[in-house]
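Worksheet: one structure, shown below.
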Amino acid sequence: MCEPSSEFELVALKNGGSSLRWLGNGETFHPVVGPMSEARTLHVDQQRLVERARCRSESLVVWDVGLGAAANALAVVEAFAGREEEGGGWVDLHSFDRSAAPLGFALEHEEELGYLGGYRAVLEELLESAGPFPSARLVHTGRVRWWFHVGDFEELVKSAELPAPDAVLYDPYSVAGNRGMWTLEHLRRVRAQLREDKPCLLSNYTRSTSVRVTLLLAGFYVGLGQGVGEKDQTTVASNVPGLLERPLGREWLKRVRASTRGAPLRAGEAEVGAIGASDWESLEAHPQWR
Ligand SMILES: C[S@@+](CC[C@H](N)C(=O)[O-])C[C@H]1O[C@@H](n2cnc3c(N)ncnc32)[C@H](O)[C@@H]1O
């Protein structure tokens, strides 16, 4: 799917900053606190990327799902700038997007957005190097080796060659705006790409009960994520319970039981209802509650 630049517009945020909106679904990127502030709080700091990259023999692999206008990715680049001597090796940043148009639009509006300026050269190189996985060419910036894979992540995630991530910055719009990226079938494929001996954390803006149920049934452990702007909490998920600072507890199951929208999201089902008996049984049997 290709989104020409004219499908985006600039939006003035409450905090005085600017962001982008895709007219295709009306969703604004980083709507409240602005692109870089959200990227740092929700992804880079919460993921403890700098700390986790220290003292390791293999590179830290970060999946940036939904490169968009590159705020999350640049927050990663920024976090590692000047840390070349710290030890701990490379940071391998794999950005995915079905289109380069949001980044192109953002570069055209660099001044209004305010966070791309110092990175124009590397972003232009990234755009030139972009290609379908795995043929995108590598761009170096400090300790970060950066690839931009252009394609539908729902398809790309099926590849056996994807490097298993330590961190997934999951930012593909909301369920309402992009259901396919939130279904049980898709999230099971994402979970299957994680290596059992490699703890991985996925961070996202949602706080939806239905999405949390879907992540749990896809095989993730799920916890409360850092609040951001007007949201008092978001969501994190992992293949190991130890990476979650605030795992959901058994008492949260009561909320699922009581919810009229507690069912997991499945492909081909437009509406989410209350959770059914067999999903409830699977949810109760999840190792998270042991
Ligand atoms: C909210 S924006 C991401 C904002 C971005 N992380 C940033 O920091 O500017 C969502 C992005 O996800 C991309 N996207 C949505 N569904 C996708 C899919 N199935 N495959 C690849 N990219 C997708 C969209 O093209 C869009 O650029």
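The values are calculated or read from the model by the stated rules, or taken from the named source; none is laboratory data. It should be emphasised that the depicted structure is a prediction, and the values quoted were computed from it without experimental measurement. Because the Cβ atoms are built from the backbone with ideal geometry, glycine has one as well, and the counts that use them run over all protein chains shown. Accessible surface is based on the protein model in full, side chains and every heavy atom, while ligands, DNA and RNA are left aside. Shrake-Rupley method; radii C 1.70, N 1.55, O 1.52, S 1.80 Å.
One table, with the values for the structure above:
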item	result
Residue within region 188-208 that is under 17 Å from SER99 (Cβ atoms) and either within 12 Å of the ligand (Cβ to nearest atom) or small (Gly, Ala, Ser) (or both) present	no
One residue from ASP92, ASP97, ASP64 being open to solvent by less than 30 Å² (accessible area, probe 1.4 Å), charged (D, E, K, R) and farther than 27 Å from GLU112 by Cα	ASP92
Which numbered condition PRO102 misses (of (1) in contact (Cβ under 8 Å) with a residue 24 or more places away in the chain; (2) open to solvent by 10 Å² or more (accessible area, probe 1.4 Å))	(2)
Selection from region 116-170 of residues that are within 16 Å of ALA81 (Cβ to Cβ) and within 12 Å of the ligand (Cβ to nearest atom)	LEU116, LEU123
Filter result for ALA69 (of a type outside the set (Val, Ile, Thr), touching a residue at least 12 places away in the same chain (Cβ under 8 Å), surrounded by fewer than 21 Cβ atoms within 10 Å (Cβ to Cβ) and in contact with a helix residue (DSSP H, G or I) (Cβ under 6 Å, 6 or more places away or on another chain))	no
Region 121-172 - residue that is assigned to a helix (DSSP H, G or I) and closer than 27 Å to GLU185 by Cβ and, of those, least open to solvent (accessible area, probe 1.4 Å)	PHE153
